[in-house]
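Worksheet: the structure to be examined is printed underneath.
Just so it is clear, none of the values below were taken in a lab; they were calculated from the coordinates. Note that the coordinates shown come from a computational prediction; the quantities given were computed from them, not determined experimentally. No Cβ is skipped: glycine too gets one built from the backbone with ideal geometry, and neighbour counts run over all protein chains shown.
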Amino acid sequence: MTALRPIWKTLFFGLWIATLLAPNAVAQENFFEGGWTLQRDASSLRFQSVKNVTKVESSGFAEFEGTIDETGSAIVRVFLDSIDTKIDLRNVRMRFLFFETFEFPEAVISAQIDGRKLADLRQVKRKIIPLTFNLELHGVSKQIQADVAVIYLSEDLVSVSTTAPISVAASDFGLDGGIKKLEEAAGVVIIPSATVSLDFVFARNSALQEADGDDEPATQSAKSTALEPEGNFDEEACEGRFEILSRTDNIYFPSGSARLDKRSEPLLNSLVDIISRCPELIIEVGGHTDSDGSDASNQRLSERRAQAVKQYLIGKKIPDGRIRSVGYGESRPVAPNTSAEGKQRNRRIEFVVVE
């Protein structure tokens, strides 16, 4: 027994030395040590939709930001106003009719990543791991499961990407109404789901600090502004935007009242910006009602509601002479007044360029 002690001492000493000399041994104890920051310019987030049965369209987002902290808690914020379909008015439709970014400006992806599953990433270079993440979109939160590929690019860079597109149903996030609005606005039939693909590159914060020569990581601050022409819009862009805003159904009044509900303010504030960027045009605000009640009462109600919208815009520094308010009562329905849905569509405010 005494003769074995030197052998055990030698083995113990050898293991201790090997541990000290093993490359990155300390870092492997916590893969996320110091935290990581998403590199937007090297990353992409795209989705594919199908219209008219066979036409596939690919779109993306220009602005998003994200981090992974030392505990493996990951969060990515997607600024939905930055939707990029490569066509200006299609972007506007997606913002106002589908995502309703005036009320829901962000989508948030969050997940808890188990660092132990990545302990050998430096050696194997690429791993596929199952990941459960939470998607907050349009006021709804839902868990989604997917396999992601994590690739070791360097000591300070990793990429995280989906191994296959993730199917997201519009109905899961209360976006059915947005699909209908898009179909009516564009005259197409849209499959009510999309497939989402992501390819994110994360950089270790300590490396970003060294590159920036500062105590804080050199983060890329994302912009929440929409992708659209700078300065004033041309007449076609203005008319297209007013036509789209007329389809939103996001201007609210209590039943039988001309008092604007506060829920209307996000859309109206977006309208203020658009009118300001169409400085040569005069805009008609048209009020419309369903057929419930008498013709005379509906006419008066539509006039008062149109006037209430005009006064809101004037209160936001839009010149009085640029806005005309008109009430049409129940005379211009866009749907039969035989159902609750049809009546709701007929109770609306429309915006039209008149001069």
- Item | Extended-chain gain in nm, criterion 0.36 nm per residue less alpha-carbon gap, residue 188 and residue 311 | 40.7 nm
- Message: Ratio of alpha-carbon Rg to the 2.2 N^0.38 Å globular estimate for segment 235-353, to two decimals, please.
- Response: 1.01
- Query: How big is the Rg/Rh ratio for the chain, C-alpha atoms only, Rh by Kirkwood, two decimals?
  - Reply: 1.16
- Message: Testing the spin-label approximation: label points 7 Å from Cα along Cα→Cβ at residue 129 and residue 265. State their distance in nm.
- Response: 4.3
- Message: I need the peptides 242-254, 104-116 ranked by packing, meaning the mean over residues of other C-beta atoms within 10 angstrom, with the highest value on top.
- Response: 242-254, 104-116
- Message: As a footprinting exposure proxy, order 265, 236 by other Cβ within 10 Å, with the fewest listed first.
- Response: 236, 265
- Work out how much length residue 145 to residue 355 would gain on full extension: take 0.36 nm times their residue separation and subtract the Cα-Cα distance, in nm to one decimal. 70.3 nm
- Message: Based on alpha-carbon atoms only, what is the radius of gyration of segment 30-212 relative to the globular estimate 2.2 N^0.38 Å?
- Response: 1.10
- Which one of 278, 306, 257 is farthest out on the positive end of the charge dipole of segment 235-353, using unit charges on Cβ (Lys, Arg +1; Asp, Glu -1) and the Cα centre as origin? 257
- Message: From the helices alone, meaning DSSP H stretches of at least four residues, give me the mean residue ellipticity at 222 nm for the chain, per-run term -39500 (n - 2.57), in deg cm²/dmol to the nearest 500.
- Response: -8500 deg cm²/dmol
